Amino acid sequence: MIHYTAETFTPGEQDVLRRYVTNLRQPVFALVNLPEVVKGALFARYSRTHKTLRRLLLDEFVDDLDISGDETIDATVGVERAEQLYQRVFVEYGDDSVAQLGAVHLACEQASNLLTKILERGRLMSYLEQSTRYLAYDERVQGRYRYHRPPGVMTSSAGTRYIGDVDHMFDAYGDMVRRMTAWLTDHHDASPSVAGAGGDLARRRAIRAQAFDAARGLLPAASLSNVGIFGSGQAYEALLLRMRAHPLPEARSYAQLMLTELRKVIPSFLRRVDQPDRGIVWSDYLETNRIAMDEFTAELFADETPGPVPEVVLTDWDPVGEDKMLAAMLFPYTDLPETQITARVREMTEAQRLELVQRYVGERTNRRHRPSRALERIDYRFDVLGDYGSFRDLQRHRLLTIEWQPLGPRHGYAVPSLVDAVGGGEAYDEVMELSTELYNALVEAAGPLEASYAVAMAYRVRYSMQFNAREAMHLIELRSQPQGHTDYRRIVTEMYRQIAEVAGHRAVAAMLSHVDLSQGVLGRLGAEEATVRRRSAEPA
């Protein structure tokens, strides 16, 4: 059985919480009886605080709510009346789409960084995950570092070693953060563009974020995170069916916690999940297919090992994709069939093609101004071999297809340049060696799947990403901004280069006018300065 740390609340706090959360002790719970704007604000705050969602609600939100009408509500007892209502709706309409009409804000806490990627796989859901950039991960809770202790590992011959080695990885992370903070403080003056204490505050925040960014590679995949999820009943059903079929024990166990809480809010939408002839047979189908593919692939590639490849490779694109995109730009503005439009596009001069793109894209004064769906006519597929830390960030993009391979130390690891600058290279390498040795020990003791918990986030994982040009505009422009992590900035700017130079789609690349190729150590400084200026302009 997986152990989760239970929170403690005063009797008065419990009385308040019972109105708004579906339980007081488990790491999974749903939010109810709160305005949508409050639930959204809670999740937005979630990613930048060590506080649990229940504590955050008590400390920062309850005082602003009118709770006088909620005094007799107890959300922990379930919603029998709601179940009766929705069951009648299902019977009357008999349509799966009805399950799209009810949605839940679900807090998922104390999830490992293997589990978070499983939770965040679905496209039709919204996620907000606790950040490694704004929070120190070496703070202890009830005397213990925050990482997952899988029962299969803890009861194995390597259980004691697992605790000692992972504790050492967290110790090294804390030491590295302090070393980097001191070095960055010595090498960077207060912000010149924000006067007084505000400039120093912006600098300190930027330094803190940079230190956390560079040190996060030392953290193991077992590190715990909190994830806020918002989704429809239909989306939760699909997620739970996948989780119940997943080979990771943590995922299957957590799926039951989620199902229990979701049934207190949208019970009828999840009625099929554990029915033998519906959800169970569906999960069995997924599991059977996975096992069959594991066996087939292992036999097919039994004698092969990974060859050397660059970090980012554009593996597939349409050589005439730009012609198709230009035709799609024209399509809504004429009554001609697409074949006729495409034929005319092929006859256009370079000047005409350029003018068409300029008129369609318009004047993009910021990166949030994106043209319409013609850009969805082109797809790009990339093979990426990047560190697990940056993969965690890129995996959360949903309007694309992403698949990843098991996490292990076989592909080596990335060392941030800042680590070498502060003289921390040797200490960094020692943690990577420790991680590899622990992984190998866990493979023997508990199997390769749970051995992945020991792998430091600096180690590389291979994944494929396929997306259209419109998603490329969003993803590459967003992730190339100076305040982004240097590792994923490098990955997406290389994608940008290959779209232009390898695919030869220079018209597409030209539309990505807000890609930022600049370099700098304190990349978050500009964002922190802007935050200070905004706050100083707010009325008291």
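Look through Asn33, Asn23 and report the one residue that is assigned to a loop (DSSP other than H, G, I, E, B), in contact with a strand residue (DSSP E or B) (Cβ under 8 Å, 6 or more places away or on another chain), modelled with pLDDT of 85 or more and of a type outside the set (Ser, Thr, Tyr).
Details: Asn33 fails: in contact with a strand residue (DSSP E or B) (Cβ under 8 Å, 6 or more places away or on another chain).
Criteria check complete, one pass: Asn23.
Kindly provide the set of residues from region 36-56 that are surrounded by 15 or more Cβ atoms within 10 Å (Cβ to Cβ), at pLDDT below 85 and of a type in the set (Lys, Arg), ordered by number.
Answer for region 36-56, where residues must be surrounded by 15 or more Cβ atoms within 10 Å (Cβ to Cβ), at pLDDT below 85 and of a type in the set (Lys, Arg): Lys39, Arg45.
Let me confirm something: among Ala445, Ala441, Ala414, Ala351, which residue is crowded, with 18+ Cβ neighbours inside 10 Å and more than 25 Å from Gly164 (Cβ to Cβ)? It would help to see each step written out before you state the result.
Values: Ala445 fails: more than 25 Å from Gly164 (Cβ to Cβ); Ala441 fails: more than 25 Å from Gly164 (Cβ to Cβ); Ala351 fails: crowded, with 18+ Cβ neighbours inside 10 Å.
Just a single option satisfies the conditions, and that option is Ala414.
Looking at the structure I just gave you, is Met243 of a type outside the set (Asp, Glu), surrounded by 14 or more Cβ atoms within 10 Å (Cβ to Cβ), touching a Pro at 6+ places or on another chain (Cβ under 9 Å) and touching a residue at least 40 places away in the same chain (Cβ under 8 Å)? Quick ask: steps written out before the conclusion?
On the way: of a type outside the set (Asp, Glu): yes; surrounded by 14 or more Cβ atoms within 10 Å (Cβ to Cβ): yes; touching a Pro at 6+ places or on another chain (Cβ under 9 Å): no; touching a residue at least 40 places away in the same chain (Cβ under 8 Å): yes.
No.
Which number in (1) assigned to a helix (DSSP H, G or I); (2) of a type in the set (A, V, I, L, M); (3) farther than 21 Å from Arg377 by Cα marks the one condition that Val273 misses?
Just one mismatch for Val273, condition (1).
Inside region 39-56, can you point out the residues that are farther than 13 Å from Gly228 by Cβ and assigned to a helix (DSSP H, G or I)? Show your work before the answer.
So the first thing to find is which residues in region 39-56 are farther than 13 Å from Gly228 by Cβ, and the list is 50, 55.
Passing the criteria: only Arg55.
Can you name every residue in region 449-465 that is over 23 Å from Pro308 (Cβ atoms) and either aromatic (Phe, Trp, Tyr) or surrounded by fewer than 24 Cβ atoms within 10 Å (Cβ to Cβ) (or both)?
Correct list: Leu449, Tyr453.
So if I check each of Ala469, Ala441, Ala446, which one is touching a residue at least 40 places away in the same chain (Cβ under 8 Å) and closer than 30 Å to Ala328 by Cβ?
Going through Ala469, Ala441, Ala446 in turn, just one is touching a residue at least 40 places away in the same chain (Cβ under 8 Å) and closer than 30 Å to Ala328 by Cβ: Ala469.
For the subset of region 142-177 comprising residues that are open to solvent by 60 Å² or more (accessible area, probe 1.4 Å) and outside any helix (DSSP H, G or I), which member is farthest from Asn113 (Cα to Cα)?
Per the stated criteria, the residue is Ser157.
Say whether the condition of being in contact with a Leu (Cβ under 8 Å, 6 or more places away or on another chain), part of a loop (DSSP other than H, G, I, E, B) and surrounded by fewer than 16 Cβ atoms within 10 Å (Cβ to Cβ) is met by at least one residue in region 364-385.
Taking every residue of region 364-385 in turn, none turns out to be in contact with a Leu (Cβ under 8 Å, 6 or more places away or on another chain), part of a loop (DSSP other than H, G, I, E, B) and surrounded by fewer than 16 Cβ atoms within 10 Å (Cβ to Cβ).
The values are calculated or read from the model by the stated rules, or taken from the named source; none is laboratory data. Computed from a predicted model, the values in this text were never measured in an experiment. As a convention, Cβ positions derive from the backbone with ideal geometry for all residues, glycine included, and neighbour counts pool all protein chains shown. In case anyone asks, the SASA skips ligands and DNA or RNA and just uses the protein heavy atoms, side chains included. Shrake-Rupley method; radii C 1.70, N 1.55, O 1.52, S 1.80 Å.
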